[in-house]
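Chemist: Below is a structure I'd like to ask you about.
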Amino acid sequence: MTEWRALGARAVRFSRPPGTSPRALLDRIRTWPGVVDVVIAREDVAVYFDDAPRISQGAIDVLANLRDDDGPVRTVELPARYDGPDLPAVADAAGLTIDEVVRVHAAARYEVETMGFAPGFAYLVGLDPRLCLPRLSTPRTRVPAGSIALAGGYTGVYPFDSPGGWHVIGRVEGVRLFDEHGALLRLGDRVRFVRCPSSSLAPSAW
């Protein structure tokens, strides 16, 4: 049983059920009466209501057994140029060549597990275990928008210029991860990185 706790007068928080599809989780919670927003993090879920929460413990317990329905799952393809400043270091740490790192990263099929520290930042699961590296020991003060990076078993794309401690291996081209319409990626989306035809395998002058 997953116990919930109050977050003020109009929200609740509870542990994210392990193994439950984020898409199914979001769809089910949105059917609860009075829900105005749902925030799904890696370990917890916060649900915000228009008034005092009107849910039961049973409604939360059911979430542990949810699975995706047979409805369509959106796949988003992101054009990728692999020329990031950390590409050689990632290759060394993984015991691979730069070309192998690019091929392994681009070959994987990812899923948006949760939305992260900045608007539009999606934590993508599905990274090859050989590329699962710890964060940088010293974060950068600025990572350019569109940078493709990886750390801690995740990969993702920075939607804005921001500080960051992930290994930058490339950048997306011609795509904005967040604009006036909101985030490009959503929970449960499938994501593919499609290598640009002219993509270099050497770091750019970043």
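The values are calculated or read from the model by the stated rules, or taken from the named source; none is laboratory data. Worth saying up front: this structure is predicted, and the values here are computed from it rather than measured. Neighbour counts are summed over all protein chains in view; Cβ atoms, including those assigned to glycine, are modelled from backbone coordinates with ideal geometry. Ligands, DNA and RNA are stripped out before the accessible areas are found, and what is left, the full protein with its side chains, is counted by its heavy atoms. Shrake-Rupley method; radii C 1.70, N 1.55, O 1.52, S 1.80 Å.
Chemist: Can you tell me which of (1) modelled with pLDDT under 95; (2) of a type in the set (D, E, K, R); (3) not in a loop (DSSP other than H, G, I, E, B) is the one Arg130 doesn't meet?
Modeler: (1)
Chemist: Would you check which residues across the range 1-50 are among the charged types (D, E, K, R) and crowded, with 17+ Cβ neighbours inside 10 Å and list them?
Modeler: Those that are among the charged types (D, E, K, R) and crowded, with 17+ Cβ neighbours inside 10 Å: Arg16, Arg23, Asp27.
Chemist: Only residues that are crowded, with 19+ Cβ neighbours inside 10 Å and without any contact (Cβ under 8 Å) to a residue 60 or more places away in the chain: list them for the range 164-177, please.
Modeler: Gly164, Trp166, Leu177
Chemist: With the checklist (1) open to solvent by less than 20 Å² (accessible area, probe 1.4 Å); (2) within 24 Å of Gly188 (Cα to Cα) in hand, flag the one item Gly126 doesn't pass.
Modeler: For Gly126, the failing item is (1).
Chemist: For the range 42-116, list the strands (runs of 3 or more DSSP E) that sit wholly inside it and hold at least 2 residues that are under 28 Å from Gly146 (Cβ atoms) and in contact with an Asp or Glu (Cβ under 9 Å, 6 or more places away or on another chain); which are they?
Modeler: Output list reads 75-81, 110-115.
Chemist: Also, I was wondering about something else. Working only within the range 4-13, note down all residues that are at pLDDT 90 or above and assigned to a strand (DSSP E or B).
Modeler: Ala11, Val12, Arg13
Chemist: If the Cβ limit is 6 Å and pairs must be 6+ apart or interchain, which residue in the range 42-65 that is touching a residue at least 40 places away in the same chain (Cβ under 8 Å) pairs with which residue that is open to solvent by 40 Å² or more (accessible area, probe 1.4 Å) and polar (S, T, N, Q)?
Modeler: none
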